[in-house]
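One structure is given here, and the rest of the page talks about it.
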Amino acid sequence: MEENSMPQGMDPAFWRGLTQKRLSRRTVLGAAGAGVGASLLLPGMAGAATLPNKNVGTPSWWKKQKLHHVANFANWPLYIDVLNGKHLTLNHFTQLTKIKVNYYEVIQDNASFYAKIRPSLAAGQYTGYDIVVMTNNNPELGYLIQNGWLVPLDHALMTNFNKYAGPLVKSPSWDPGNKYTMAWQSGWTSVAYNEKVVKSPGDSIQLLFNKKYAGRIGMLSDPFELGSAGLLAIGVEPFTSKESDWAKAAKKLQQQRSDGLVASYYDQSYIQHLKNGDIVVSQAYSGDIFQANLNSKYKNLKLMFPKEGLMLWTDNMCIPLYSQNPLDAMKLMDYFYDPGIQAVVEYYNNYICPVPGAQQQLLHPTGWDATGLKQLRPEIGLPTSVTAHAPTVFPSGQAVKLSKNYYPFKTQEEINAWNNLFLPIIQGA
């Protein structure tokens, strides 16, 4: 079903949740042992050669780049403002800069898209894209960085980013100093519960292990997410965890299964089971709970901010090596860090906003965003204040502090070790 067939007055975020689920960006790693990642030798493994981007992205290199007035942008489906088949922010960017943006909704998951562009990169050829959006908690973004297949960014052109980017996306653990990436949007993986049944949820991830809800607890079938929850439950930071910690986390999760607490290990379908009441506690993605709450029938579903932490994932804009239009790409990436522009994107997306200043623009638009938001309002059907006041879109300082990073896998052997511990739990082995 196309976006423009959405019932009048329904928020696109909720409509997307009902009809056009983005494939989970976190469902791919389970197949890594037999897929793309398994055959990839990372730099430092078996003797890495000189990286192909060695002389790319330096100040002198950037000074030689020229505008070509075109940028080819690859992104996930349903991830940017759209009205009558047109993207308001992209059209506005073209009006401002005369740079035409060819926007492609071609990324369904990190692994398959990486497999698509990898042959071109390995052959030293243009991928066809000047901007791609990759997630930090799947190995593919790391592969691109470690193989030298991304263009180091020109920080002199990151005026908006440097001024307006929020603490969750400035110099993140997966890309210190934002050498290669600028966040597009972020989200959390946490715990959700049905407050009609769970009367005293508390503020701990241990709710997932409460025998009171045996057989009515949902866990995710993604081994990354499952293992990270296990680590938080034993009091270990996933980002700095060791293989010995993974084994302890796996033991706790295996006991959870053996005790009959888990109804099932779900993909994105967990949200429907939570809505139906088949489960009353579950691992959950923040965006799904926001979308569910837009329907009065599901106001009873609540997202927890556990004291042990929430797992933060971020989709990152980056420029593939051999880009034909890197200067145009830099201008487009930084454009989205203008608070007014981001307000329009966020009104449609409702993910964690990388620009905190967009909150005030949603409440009190002062420029072009007033026009953009007014145009989107009939389509979305909700006041901009709903997005502005959502704690899952503009998190509090405490929520920022609670955000945790995923373990940064360094070798294929580490990925295999992780999968060998957590996949058998999911598969019932």
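The figures follow:
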item	result
Equivalent ellipsoid semi-axes - Cα gyration tensor, segment 151-231, angstrom	39, 14, 9
Contour excess over end-to-end distance, with Cα ends at Phe239 and Arg377 and 0.36 nm allotted per residue	45.7 nm
Gln324 versus Tyr104: modelled label distance in nm, points set 7 Å from Cα along the beta carbon direction	1.1 nm
Cα-projected label distance for Lys54 with Asp267, points at 7 Å along beta-carbon direction, nm	4.3 nm
Radius of gyration and maximum dimension Dmax of the chain, Cα, Å	21.3, 65
Interchain or long-range residues, amide H under 5 Å from Ala183's placed H	Met317
Prolate/oblate/rounded call for segment 191-248, Cα gyration tensor, a/c under 1.5 rounded	prolate
Table column - 3J(HN,Hα) (Hz), segment 367-381, Karplus curve with 6.51, -1.76, 1.60, x for Gly and Pro	x, 4, 4, 4, 5, x, 5, 5, 5, 7, 3, x, 6, 7, x
Cross-link pairs Lys251/Lys299; Lys116/Lys307; Lys116/Lys374; Lys242/Lys307; Lys86/Lys404; Lys86/Lys196 - those with Cα-Cα distance over 30 Å	Lys251/Lys299; Lys116/Lys307; Lys116/Lys374; Lys86/Lys404; Lys86/Lys196
Candidates Trp174, Trp418, Trp368: whichever shows maximal mean-square fluctuation once the chain is modelled as a Gaussian network with Cα springs under 10 Å	Trp368
Cα Rg over Rh - segment 86-165, Kirkwood	0.99
Under 5 Å, built H, 5+ apart or other chain: amide partners of Tyr266	Met219, Leu220, Ser221
Amide H contacts of Val191 (H built 1.01 Å from N, under 5 Å, at least 5 apart or other chain)	Ala284, Met304
Label-point separation, Ser171 to Asp203 (7 Å along Cα→Cβ), nm	2.8 nm
Contour minus Cα-Cα distance for Lys252 and Ser112 (0.36 nm per residue)	47.2 nm
Whether segment 301-384 is rounded, prolate or oblate, judged on the alpha carbon gyration tensor where a/c under 1.5 counts as rounded	oblate
Taking only Cα atoms of segment 75-211, radius of gyration then Dmax in Å	19.2, 60
Rounded FRET efficiency, nearest 0.05, which uses the C-beta distance separating Lys410 from Ala370 and R0 of 56 Å	0.75
Stretchable slack from Glu195 to Lys86, in nm (0.36 nm times residue separation minus alpha-carbon distance)	35.3 nm
Packing-based exposure ordering (other Cβ within 10 Å, fewest first) of Glu140, Glu243	Glu243, Glu140
Radius ratio Rg over Rh of segment 216-298, counting only Cα atoms, Kirkwood formula for Rh	1.03
In order through segment 122-129: 3J(HN,Hα) via Karplus (6.51 cos²θ - 1.76 cosθ + 1.60), integer Hz, x for Gly, Pro	5, 8, x, 10, 5, 7, x, 10
Angstrom value of the Kirkwood radius, inverse mean 1/r, which spans all Cα pairs in segment 242-393	18.7 Å
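Read-outs throughout are calculated quantities, based only on the coordinates presented, and are distinct from any laboratory measurement. These numbers come from a predicted model, not from an experiment. Using ideal geometry, Cβ is built from the backbone for each residue, glycine included, and neighbour counts are taken over all protein chains shown.
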